[in-house]
Every structure is written in structure tokens, then in C-alpha cells.
């Protein structure tokens, strides 16, 4: 799971107010209940010393309607400078949390969105496409884009002779040129959005034309999802089921790839098979992961998530000033380190260094339930 969207919550050295709550408004009492819950949370935060400006910033958005129906959660993070994170969660949180401190409480967001897939859906016909950029965990935040080619000789007819052949070629040329227009826009969208998958549905011949015009980076992500399209009469229930299954394949493949690579790399470390800077690109155990984070070496952190954990770390105002003891952080020049939840400090450091996180269950086996795949290793990397 990429964490670049959390980076705004790593750049302020002040106090963060973090609130995660049930934002469901299924009946006429929903808004009133949210108001009451926010007032209770605010009272607790005031007692915890939260700055008034940050509380006002959170309160202003927390009670506003989300525009999303059903049972949902919401996470809001703010400093005295204003709101830095406001995210709708696909389900209400397991427990509502309100905290104030030098490190934002970001793990509840990660936990709620861990299975999110950032994807692009392309619904095709021979004229063009409806392109949707979406997150599976935040369907209400989808961006929609329509691409229509300007070539209108679109329908073949049954006949014979040279005239027929020329007309058929003109029709195919129109399909191909419209597909080229879609492919060009799609390539730009993928370059900007960096999705995990691109799903295509709709007219089969239009799909063939699109594949013939698509760039390599589009083709590497492209997967057909049958049952959809731009035309009326599409069985939406069948297509939604097929899309759900495709998203689950992406999730499972992503997790499996990370776990398999970690097991391979950590196996080399455990067996003493390190033969250069390109080998053993993994560490395990809290101290080793923290050390790698300080060096910006972590590419993906794997962690067995435990919401009940009481583990702590020490940190300074910068996300990279992180250690397992007060003395560790003081040695980095921090005069007044603070002790915070370990998961909060870890997620902040990951977001600040453009690293990723993967929440795992049975596999892989890791010391203290935590490990990391590294960007690089050198002679000072602990193994």
C-alpha cells in the first residue's frame, strides 16, 4: 500500500489532532449523533492539551456531510495550520479514536484502507471510452473522464465488391483511430495516477483495437473484465461481481508478491548467503526496521497488525529522528525526544520516505512480527 497521500501529515513540527469516527448518516438522527460524538471527542482533546486552532479545523469538516451513503467512517487530521488529511473510510472504524500529540495517529487510516486498490476502468465502444480513476475503498471519490474519437465511419455492412471492401477498410480505420485517441489519453492518465491495474470492458473489437494502439505500460496493467460497456442494457450486477473478483485478484497478487520476495531475501540473510550489496534486501525485528527507516532504506514494511499493541518508540520533530530508546534519539541531536505509539511513528516515517506498507497475517514469519524489504543494502546495514 502506497502512503504518499499521507505525506502532508509528516511536514509540520507542531501538534497533530487525529480523529477517526463513525460518519454514517443512514437516518435523520445521524447528523445529530455525529455532532454529539465530536463534542465528546473535543472535550477529551482539550483535556489532552490540543490547540484550539487545530480543534476548530477538525470540527469544521468533521460534522459536514460526506455525500457518501451507507455505513462509513471518516478520518480527519489537522494542525494549527489547518486540515492536512480528510479521508472517507469504507467502513466505520473498529473503535473511534481521538488523539493529540507531535505524531499523527495514522495507523487507523492504514488499517481501514489496507486492501484498497487504485485502478482505472475503461468502458469501451467503437466511438471512444468512459474512463474512471478510482480507489476500491473510496468509491465516492472516483474521477470520470470521457474520450470520444472524431472518426464517424463506424458500422460495417454486409455486401460485396470493391466498394464494399473499401468501405470495410474505412470502418476499421475509424475504429483504430478512435482507439488511438483513447490509448493516448489512457497513457497520460496512467503516467499521472500510477494505478495498480487497468480494467477494460465493453465492445470486443474496440478492445482489440485499443490493445493494438496501447503503450507497453498500459498493456502491462491491462486486464479484461467481461460484462460491462457504454451501451444500455449492460447487466450491472454481473459486471460488478466480475469487477469485485478482479480487484481481489490484484490484492492477492500484490500481497503474495511482497511476501514471496521478503521470504526469499530474508532467507538469504538467515542462512548467511549474503554475497554483495544486491543480496539480502530484507531485515526483520523492530530495531532493524527502525534503523533502516532512519537511512531511508525501506521500500516496503511488512507488519502483523495488532491494534491492541502497546509497543512504543522514541522520536523527534523530524520523522526520520526515530529510535527504540530515548538515548538513540538524543544521540541524533534531539534534546527532548517524545515517546509515542510505535505504529504511529513507523507510519509517519514510511510516508515521509515514500515507502509502502503491507499488513500481513500468517505469512511471513518475522521476528517481533515486523520486517522490511529494502531499496538497497551496504556494509552498515544490520543483518
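Condition check: in a loop (DSSP other than H, G, I, E, B) and either surrounded by 20 or more Cβ atoms within 10 Å (Cβ to Cβ) or in contact (Cβ under 8 Å) with a residue 40 or more places away in the chain (or both). Does residue 99 satisfy that? Can you show your working first?
Values: in a loop (DSSP other than H, G, I, E, B): no; either surrounded by 20 or more Cβ atoms within 10 Å (Cβ to Cβ) or in contact (Cβ under 8 Å) with a residue 40 or more places away in the chain (or both): yes.
Judged against the criteria, residue 99 is not a match.
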inquiry  = Going residue by residue through the stretch 366-376, is there one that turns out to be assigned to a loop (DSSP other than H, G, I, E, B), modelled with pLDDT under 95 and over 21 Å from residue 255 (Cβ atoms)?
reply    = yes
key: Breaking point among (1) over 28 Å from residue 256 (Cβ atoms); (2) within 22 Å of the chain's Cα centre (by Cα); (3) modelled with pLDDT of 95 or more, for residue 319   = (3)
request  = Considering only residues that are exposed (fewer than 13 other Cβ atoms within 10 Å of the Cβ) and within 14 Å of residue 79 (Cα to Cα), look in the stretch 15-64 and name the one that is modelled with the highest pLDDT.
outcome  = 52
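From 38, 5, which residue is farther than 17 Å from residue 112 by Cα and either part of a helix (DSSP H, G or I) or touching a strand residue (DSSP E or B) at 6+ places or on another chain (Cβ under 8 Å) (or both)? Show your work before the answer.
Working: 5 fails: farther than 17 Å from residue 112 by Cα.
That would be 38, the only listed residue that is farther than 17 Å from residue 112 by Cα and either part of a helix (DSSP H, G or I) or touching a strand residue (DSSP E or B) at 6+ places or on another chain (Cβ under 8 Å) (or both).
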query = Since residue 326 meets every condition but one in (1) more than 22 Å from residue 14 (Cα to Cα); (2) in contact with a strand residue (DSSP E or B) (Cβ under 7 Å, 6 or more places away or on another chain); (3) modelled with pLDDT of 95 or more, which condition does it not meet?
reply = (1)
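Can we say residue 237 is under 15 Å from residue 147 (Cβ atoms), out of contact with any strand residue (DSSP E or B) (no Cβ under 9 Å at 6 or more places or on another chain) and without any contact (Cβ under 8 Å) to a residue 40 or more places away in the chain?
In short, no.
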ask   = Filtering the stretch 133-149 down to residues that are modelled with pLDDT of 80 or more and part of a strand (DSSP E or B), which residue is nearest to residue 193 (Cα to Cα)?
value = 133
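The values are calculated or read from the model by the stated rules, or taken from the named source; none is laboratory data. Bear in mind the structure is a predicted one, so any value in this text is a computation, not a measurement. Every residue, glycine among them, receives a Cβ derived from its backbone with ideal geometry; neighbour counts consider all protein chains shown.
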